[in-house]
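The values are calculated or read from the model by the stated rules, or taken from the named source; none is laboratory data. This structure is a prediction, so every number in the text was calculated from the model and none was measured. Cβ placement follows ideal geometry from the backbone for every residue including glycine, while neighbour counts extend to all protein chains displayed.
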Amino acid sequence: MIKTLHLLCILTPILTTYCSNVSAENSLESKQALAREESIQYANEILKVTKGNFSCAGIGLFDNGSSIDGPIYFFKNDTRELICISAMGECVAADSKQQNTCRQICPPPEWKSNNCDTKYKNRLAF
């Protein structure tokens, strides 16, 4: 539950009130950075134990309830290295240096150029 709230803190601007009230001595930015790191750590743990995820163009996808606003994790299929997390219209880049360009890497360019969204949705239709 706490990890979900931390993910929501960085993914949902509406919840900034919750995030800013957690600890008065920390700035919102530091709380968001901590929540981001915890979300990435949680995602990496999930990717270690999940199997049989959809993959396309070398990119794996783990859908953790996106139909009810849960996150989608994109990762390198061969190494299971996290690329980004997408949830509720927001993005978290696994590499903090890419956070400003997160919307360009999430979903990853390889995923987009190979029409993987359509392939994933078509897989669900059967």
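Picking from residues in region 57-98 that are of a type in the set (Ser, Thr, Tyr) and surrounded by fewer than 22 Cβ atoms within 10 Å (Cβ to Cβ), the one that is nearest to SER30 (Cα to Cα) is SER96.
The set of residues in region 99-111 being surrounded by 15 or more Cβ atoms within 10 Å (Cβ to Cβ) and more than 21 Å from SER30 (Cα to Cα) consists of ILE105, CYS106, PRO107, PRO108, GLU110, TRP111. Filtering region 30-72 to residues that are over 18 Å from ASN114 (Cβ atoms) and among the hydroxyl-bearing types (Ser, Thr, Tyr) leaves SER30, SER39, TYR42, THR50, SER66, SER67. Scan region 61-79 and tell me whether some residue there is among the basic types (Lys, Arg) and either in contact with a helix residue (DSSP H, G or I) (Cβ under 8 Å, 6 or more places away or on another chain) or modelled with pLDDT under 85 (or both). The answer is no, given that none of the residues of region 61-79 is among the basic types (Lys, Arg) and either in contact with a helix residue (DSSP H, G or I) (Cβ under 8 Å, 6 or more places away or on another chain) or modelled with pLDDT under 85 (or both). Within region 90-126, the set of residues being more than 12 Å from CYS56 (Cα to Cα), free of Cβ contacts under 8 Å to residues at least 24 places away in the same chain and in a loop (DSSP other than H, G, I, E, B) comprises ASP95, PHE126. For region 95-126, the set of residues classified as under 30 Å from GLU37 (Cα atoms) and hydroxyl-bearing (Ser, Thr, Tyr) consists of SER96, THR101, SER113, TYR120, listed by residue number.
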